[in-house]
Amino acid sequence: MTAVLALLSAAFLVLPANAEPLPFDDCPAATLCLYSGTDGSGERRDFTDAQSAEAYDAGWDDRTLSAKNNTKGWACLYVDAGYGGLLQTIKPGNSDEYQTSDTRFVRTLSGHKVVPTRALCFTGYERCPDNRVCTFPQENGRGPVTVHLPSTDPAGKNYGNSYGTEAAPKSVFNRTGKHVCFYPEPSFSGTWTDDDPARTKYGAYVVLRGDSTTVPEPFADTFRSHELVNGTTECQ
């Protein structure tokens, strides 16, 4: 008995007084945790599963080196603001590292959102408010959103907006009750010519009420104005 007790005492003595915490162990439930160091080290920023960030503040932008997704949704992390540019996805319960394996993600992350499915990481149309036309500089509603407030042009009576030299969009969401006609000139006019053998001309690019779309060639990056109409025959 004495020998057994001595062995047990020796076994207890070799155990560390305080076991080292596991990486990311400090991340609370229902939280996306971002860290300035690897393996969940360094400064930590917490976001609940309901907190998305189209852009981080200057104190955190381009600082993330590791992350733990302790939410029930997919975490989408973006290099550019407005859910734009390259992205990484983290499934529920997993962690991720942004070190030297791919330098495009080393201290470059600028925003995130948490969504029910991974497919929603690749779109950003949900930011468009009801009864508005929204344009985006990247495909699938990604990048900083421009929300257009309809107004009546006193000269042409066009119920729409003229962009002037504003950056032309690559994708559009029409959340109004009217159809929207887009034009290559800021004065609700102009035409496009296709590259087909017939050199077909188009006077307007139409997005029907409630529709969202990535704009194809030859229309992409060319919109300068739009108007809202009740029927597509009303396009200029």
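Scan L109, L87, L120 and give me the residue that is assigned to a loop (DSSP other than H, G, I, E, B), aliphatic (A, V, I, L, M) and at negative phi.
Of L109, L87, L120, the one residue that is assigned to a loop (DSSP other than H, G, I, E, B), aliphatic (A, V, I, L, M) and at negative phi is L109.
For the criterion of being charged (D, E, K, R), at pLDDT below 95 and within 24 Å of P144 (Cβ to Cβ), E234 fails. Among the residues making up the stretch 163-179, those that are buried (at least 16 other Cβ atoms within 10 Å of the Cβ) and either within 10 Å of S225 (Cα to Cα) or touching a helix residue (DSSP H, G or I) at 6+ places or on another chain (Cβ under 6 Å) (or both) are Y163, A168, K170, S171, F173, H179. When P184, P154, P216 are screened for being surrounded by fewer than 21 Cβ atoms within 10 Å (Cβ to Cβ) and in contact (Cβ under 8 Å) with a residue 40 or more places away in the chain, only P184 passes.
What do you reckon, is T222 assigned to a loop (DSSP other than H, G, I, E, B), in contact with a Phe, Trp or Tyr (Cβ under 8 Å, 6 or more places away or on another chain) and touching a residue at least 12 places away in the same chain (Cβ under 8 Å)? Considered against the rule, which asks whether it is assigned to a loop (DSSP other than H, G, I, E, B), in contact with a Phe, Trp or Tyr (Cβ under 8 Å, 6 or more places away or on another chain) and touching a residue at least 12 places away in the same chain (Cβ under 8 Å), T222 comes out as yes. Could you look through the stretch 122-161, keep only residues that are touching a strand residue (DSSP E or B) at 6+ places or on another chain (Cβ under 8 Å) and of a type in the set (K, R), and pick out the one that is nearest to N174 (Cα to Cα)? That would be R132. Could you look through the stretch 96-106, keep only residues that are under 19 Å from the mean Cα position of the chain (by Cα) and either without any contact (Cβ under 8 Å) to a residue 24 or more places away in the chain or outside any loop (DSSP other than H, G, I, E, B) (or both), and pick out the one that is farthest from T48 (Cα to Cα)? Among those that are under 19 Å from the mean Cα position of the chain (by Cα) and either without any contact (Cβ under 8 Å) to a residue 24 or more places away in the chain or outside any loop (DSSP other than H, G, I, E, B) (or both), it is R104. E126 meets all of the listed conditions (1) at pLDDT 95 or above; (2) outside any helix (DSSP H, G or I) but one, namely (2).
Give the residues of the stretch 170-189 that are over 14 Å from C128 (Cβ atoms) and in a strand (DSSP E or B), sorted by residue number. Once the filter is applied, which keeps residues that are over 14 Å from C128 (Cβ atoms) and in a strand (DSSP E or B), the stretch 170-189 yields H179, C181, F182, Y183, E185, S189. Exactly one residue out of Y159, Y163 is assigned by TED's automatic domain parsing to the domain that holds N230, hydroxyl-bearing (S, T, Y), closer than 12 Å to V133 by Cβ and more than 28 Å from the chain's Cα centre (by Cα): that is Y159.
For L208, the test of being of a type in the set (A, V, I, L, M), surrounded by 15 or more Cβ atoms within 10 Å (Cβ to Cβ) and either free of Cβ contacts under 8 Å to residues at least 12 places away in the same chain or closer than 23 Å to L149 by Cβ (or both) is failed. Each residue in the stretch 65-84 was checked for being assigned to a loop (DSSP other than H, G, I, E, B) and over 17 Å from the mean Cα position of the chain (by Cα), and 4 pass.
The values are calculated or read from the model by the stated rules, or taken from the named source; none is laboratory data. Worth saying up front: this structure is predicted, and the values here are computed from it rather than measured. No Cβ is skipped: glycine too gets one built from the backbone with ideal geometry, and neighbour counts run over all protein chains shown.
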